[in-house]
Amino acid sequence: MTTTYDPDHPAYYDEADLRSELTRVYDLCHGCRLCLSLCPAFPTMFNLIDARDGDVAALSREEQDQVVDECYQCKLCYIKCPYIPPHEWQLDFPRMILRAEAVKNKTGGTLKGKLTTQALARTDLLGKVGTLTAPLTNAMLRTPGSPMRKLIDATVGLASQRILPPYARERFSTWFKKRKARGGVSLGRAEQARAAVFPTCLVEYQNPGIGKDLVKVYERNGVDCELATANGCCGAPWLHSGEFEPFRKQAARNVEALAQIVREGRDIVVPQPTCGYVLKRDYPEYLKTDDARLVAEHTYDASEYLWRLHKGEQTAIDTEFAGEVPDTTAYHAPCHLQAQNIGLRSRDLVKLTGTKVILVQKCSGIDGTWGLRSENYELARKVAKPLAEAIDRSEAEVVVGDCHLANGAIIQETGKIPLHPLQFMARAYGIPEEHD
């Protein structure tokens, strides 16, 4: 039995060795049960073991794999676990599950599962095509349960009933370059910081409005913004599917560009939690280079960065809000933002506007791409039900959330359309929304 989370370890892909490691970790988790309420994987595991009077070794391969399949990589168990490295037990449940996914891919897996991974992971290719053909593509994808969506479900495993974010007519990078070329961009106060925006594929291709408002809010507060030359996908869909080689290739390309930006004196800001987590934690773990560590040390969540300026000894942000501020706001804290262990900075920024914030800490059931897959759709909606109930109970006028994919689940479950925290700040400042 080998405890390893390193794909380069010679025993990493040994299935028999993995099975022994799963037994070891399941036994430790069963004795602790601290993570019972976090996701479906833990109750399933505990129930299966309890049914065998605590004999973890009696679990079948299929039962072990059921636990693997129900883990959606929210990372919250890692935060909660008292036995993570450097503890002698060396538990890292999310990375152990990634090992199991990687072994499954290496030793077989289904053709449909492989096609689903390819479809979900090639975000830049799909994004470029989707934005070029936005009216047609959006018409094909917008209606859940339509014949086209059912065909896509049957062939590549993307849940036919899942509401998908539409593609934008103009990419964020196109807007940014046009705006820069026109000139006339001025900071609202003296320069306090210099940042490069890593928009992520979700902002680049599907919701450029988040990036536009981020830039305008930053500039109002003395942050000179540039566009990160690596402005596509962070590679998370590859990683979360246990496909390490394409993930590393994507990560290496991004790190090469981002490290140069950092050396030029800019920090990297990321408006999407999953992507920020990948840059901060996964790039150093899987690339093991000085440049990856340099990028990680200078990467910030978009709200985290603005809050640092607000609390800085020689910096400050504008706290005069002359725009629209609702009386009550429900703020959803995404799992991958909580996993960054930076505090609830988006909530704190929203509170500065004077609105009453109702915190919602329930999972959306999306978590990267897990909730988009057809085999996970029903369970994902079950996971998201407490989130929808909490938002409905809040009776808030506005819903705010950092994660564009989680916000899609909120739309699906409640019909309410959330704003990104930086969009909320922009409206509170009186900065008008800029449409395509």
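Just so you know, all these numbers are worked out from the coordinates, no wet-lab data involved. Worth saying up front: this structure is predicted, and the values here are computed from it rather than measured. Cβ placement follows ideal geometry from the backbone for every residue including glycine, while neighbour counts extend to all protein chains displayed.
Within a straight-line Cα-Cα reach of under 22 Å, Lys362 can be paired with the following lysines, leaving aside sequence neighbours fewer than 8 residues apart in one chain: Lys75, Lys80, Lys351, Lys382, Lys385, Lys416. Think of each Lys and Arg Cβ as +1 and each Asp and Glu Cβ as -1; about the Cα centre, that makes the dipole of the chain roughly 1140 debye.
Mean separation of Cα pairs under 8 Å and 6 or more residues apart, divided by the residue count, gives the chain a relative contact order of 15 percent. Take every DSSP beta bridge whose two residues both sit in the chain; close to 5 percent of them are antiparallel.
Length, then width, then depth: along the principal axes, the Cα atoms of region 271-374 run 46, 45, 19 Å.
Going by neighbour counts of Cβ atoms within 10 Å, the residues Ile317, Ile417, Ile84 line up, fewest first, as Ile417, Ile84, Ile317. Just checking the listed ones, Leu158, Leu379, Leu136: in the Gaussian network model of the chain with Cα springs under 10 Å, the one fluctuating most is Leu136.
Past the 31 angstrom mark, what percentage of all C-alpha to C-alpha distances in the chain do you count? So the portion of pairs separated by more than 31 Å is 40 percent. Within a straight-line Cα-Cα reach of under 14 Å, Lys180 can be paired with the following aspartates and glutamates, leaving aside sequence neighbours fewer than 8 residues apart in one chain: Glu219, Asp224, Glu226.
Measuring how big region 328-429 is from its alpha-carbon positions, Rg and Dmax come out at 13.1, 43 Å. Inter-label distance, Asp55 to Asp8: 4.2 nm, where each label sits 7 Å from its Cα along the C-beta direction. A convex hull fitted around the alpha carbon atoms of region 113-272 yields 112 Å³ per residue. Convert 25 °C to kelvin, take the viscosity as 0.890 mPa s, use the Kirkwood radius over C-alpha pairs of region 378-421 as Rh, and evaluate the Stokes-Einstein diffusion coefficient in µm²/s, rounded to a whole number. Stokes-Einstein gives a translational diffusion coefficient of 234 µm²/s.
Summing charges over all other residues whose Cβ lies under 12 Å from the Cβ of His310, with Lys and Arg as +1 and Asp and Glu as -1, gives 0. Note on the chain: GNM, Cα springs under 10 Å; of Asn376, Asn254, Asn47, the largest mean-square fluctuation is that of Asn47. Projection of the Cα convex hull of region 15-107, averaged over all directions and equal to a quarter of that hull's surface, yields 5.6 nm².
Can you sort Cys71, Cys335 from fewest to most other Cβ atoms within 10 Å of each residue's own Cβ?
Result, fewest neighbours first: Cys71, Cys335.
Cα centroid distance between region 1-76 and region 320-352, in Å? Centre-to-centre distance over Cα atoms comes out at 35 Å. I need the Debye-formula profile for region 133-225: one equal scatterer per C-alpha, no solvent, reported as log10 I(q)/I(0) at q = 0.13, 0.14, 0.24 1/Å, two decimals. For the requested q values the scattering log ratios are -0.57, -0.63, -1.16. Once you've got the GNM for the chain with C-alpha springs shorter than 10 Å, pick whichever of Leu337, Leu36, Leu387 has the biggest mean-square fluctuation. In this elastic network of the chain, the residue with the biggest mean-square fluctuation among Leu337, Leu36, Leu387 is Leu36. For a paramagnetic label modelled on Asp392 (point 7 Å from Cα along Cα→Cβ), amide N atoms under 20 Å away belong, within region 346-370, to 358-366. With N as its number of residues, region 53-143 has a Cα radius of gyration that, divided by 2.2 N^0.38 Å, comes to 1.54.
Each Cα pair under 8 Å and six or more residues apart adds its separation to the average, and for region 300-436 the resulting relative contact order is 30 percent.
Taking label positions 7 Å along the Cα-Cβ direction at both Lys177 and Gln161, the computed distance is 4.2 nm, reported to one decimal.
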